[in-house]
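What follows is one structure encoded as structure tokens, with my remarks underneath.
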Amino acid sequence: MRAWVAARCDPYKDAIPAIPPAIVLEAARLYVEVYETITGQSFALPAPGVAVLDRIRGNLARFF
């Protein structure tokens, strides 16, 4: 995704253009693949309807 953006603008100076859904989906697929390769576990989708910020806070709560 960084390469796609960098090929179209200077992300430090310019507005980031809308990223096509296909690029976003491919990046997500790669992140899931890397997660599964490193952990040896299947990636589980989060429960529907839970806000992203609430999920992040919940996952980090055990560290604080």
Where labels lie 7 Å past Cα in the beta-carbon direction, separation of residue 56 and residue 23 in nm: 2.2 nm
Two-site FRET efficiency, residue 34 against residue 10, from Cβ-Cβ distance with R₀ of 30 Å, rounded to 0.05: 0.65
Sequence ranges 24-32, 54-62, ranked by mean other-Cβ count within 10 angstrom, highest first: 24-32, 54-62
From phi via Karplus (6.51, -1.76, 1.60), per-residue ³J(HN,Hα) for segment 45-60 in Hz, x at Gly/Pro: 5, x, 4, x, x, 8, 5, 4, 4, 5, 5, 4, 4, x, 5, 8
Assigned charges on the beta-carbon of Lys, Arg, Asp, Glu; the chain dipole about Cα centre (debye): 180 debye
Cα-based helix-to-principal-axis angle, 21-39 vs the chain, degrees rounded to 10: 40 degrees
Accessible area of segment 7-63 belonging to carbon and sulfur atoms, whole % at 1.4 Å probe: 64 percent
Sum of -39500 (n - 2.57) over DSSP H runs of 4+, divided by residues of the chain (222 nm, nearest 500): -15500 deg cm²/dmol
Viscosity 1.306 mPa s, temperature 10 °C, Stokes-Einstein D of the chain from Kirkwood C-alpha radius, µm²/s: 109 µm²/s
Per residue accessible area of the chain, 1.4 Å probe, in Å²: 89 Å²
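The values are calculated or read from the model by the stated rules, or taken from the named source; none is laboratory data. Computed from a prediction, not measured in an experiment: that's the story for all the values here. Methodologically, a virtual Cβ is constructed for each residue, glycine included, from the backbone with ideal geometry; neighbour enumeration extends over all protein chains shown. Accessible surface is based on the protein model in full, side chains and every heavy atom, while ligands, DNA and RNA are left aside. Shrake-Rupley method; radii C 1.70, N 1.55, O 1.52, S 1.80 Å.
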